[in-house]
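Visitor: Have a look at this one before I ask anything.
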Amino acid sequence: MNPCRALLVFLLALAPLAVRAATIEMHVNGLVCAFCAQGIEKKLRKLPATADVVVSLEDRLVAVALKDGQDIPDVDLRKALTDAGYTVTAIQRTETPIDAIRARVKQARR
Amino acid sequence: MARLPEFLMWALVSTAPALAIGKPIAFANGTTVMIEYGAGTMQEAQIFYAPQYNYSVGGGHVEFDSDITTETVRITYARLNYLLHRWNLESAQANVYVWGGAGAATGNTFTGTEFAFNAGGQADYETRRIYASLKTDLQKANAFSIRVDTLQLGIAPYEHDYNQIATWFVVQARQYTDDIHHGTEVAALLRLFKGGAWIEAGVTNGGKLQAMAMFNF
């Protein structure tokens, strides 16, 4: 294969990774008690693609930062939250870094 | 004061739909350890492991000391807790738990060791500002039948968030059968929790210490 064509194939292969979400935000019902919600963080941190987790009771939000080039299927996310005893109402993939979400959550607490 | 069943019914109706005591199930693959000092009339320690979010297994030890007679009963038991139903609402959660188990009892009003069974249930409702639970727990053997009914109503002065310390002011009303305590024992409690640690302490209308510590991991 000529080098230009090989480079093109390589770049095309990388393309899906370039648009892959950095963070998954989940809206969760029943998220009212931090003592009871620890299971969510424990469960999500065990998933191999998880880099970080932010939980906000105020925003009824659970955010998961993904490791580079990795993803977690919705079905696995829903199962993790259900196993922790909660109900996921929406799942959204964003490019927002987890630290920005953490800062946003802290700001909302003030 | 009205007897506890009427009082509980009134409290449930008047606080509905806004109606927690520590929950007997933490989360899937979670362990809960609880120690309670109940005003000198009841001391209890429990440990439960939850393979799934909706049930846990474990055991405990409870000691009842009557403040009317000289009766003392000690029971060591195994128990299964089951989450019958959970309502995950947008800004609230409600649960109904039931449990049952069996164990061995000793005491100073009977000889030897008796087989004892236990059964109970709990309904709770909580938002980030309001908390209520109703719990009943029966320990029964040939020599005794002790039921403890507990109502807790709590209010939080602020809405805590994850990784923040939570503060609750809780009023607890408790009644015992089998002459453990006469009348309704009322306690005012301060509850604090953060991460997997929960502590609460207060004083009863009889001036006695009521305290509980619970840990999830």
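Values quoted throughout were computed directly from the atomic coordinates according to the rules given, and no laboratory measurement underlies them. The model shown is predicted, which means the values in this text are computed figures rather than measured ones. Cβ placement follows ideal geometry from the backbone for every residue including glycine, while neighbour counts extend to all protein chains displayed.
Visitor: Separation of the stretch B:116-159 and the stretch A:58-105 by C-alpha centroid, Å?
Guide: 34 Å
Visitor: How would you classify the stretch B:20-116 from its alpha-carbon gyration tensor, with a ≥ b ≥ c the square roots of the eigenvalues: rounded for a/c under 1.5, else prolate if a/b is greater than b/c, otherwise oblate?
Guide: Taking the square roots of the gyration eigenvalues as a ≥ b ≥ c, the stretch B:20-116 is prolate.
Visitor: Right, something else. Tell me the GluC sites (Glu not before Pro) within the stretch B:100-162 that lie in a loop according to DSSP and have at most 15 other beta-carbon atoms within 10 Å.
Guide: B:159
Visitor: What is the calculated FRET efficiency for residue A:47 to residue A:102, with r their C-beta to C-beta distance and R₀ = 25 Å, to the nearest 0.05?
Guide: 0.85
Visitor: Where a ≥ b ≥ c are the square roots of the eigenvalues of the C-alpha gyration tensor, would you call the stretch A:21-109 rounded, which needs a/c under 1.5, or, failing that, prolate if a/b is larger than b/c, or oblate?
Guide: oblate
Visitor: Given 0.36 nm per residue, what is the gain on full extension from residue B:188 to residue B:52 after removing their alpha carbon distance, in nm?
Guide: Length gained between residue B:188 and residue B:52: 45.6 nm.
Visitor: Once the Cβ-Cβ distance between residue A:70 and residue B:98 is put in as r, and R0 is 41 Å, what FRET efficiency do you end up with, to the nearest 0.05?
Guide: After rounding to 0.05, the efficiency reads 0.50.
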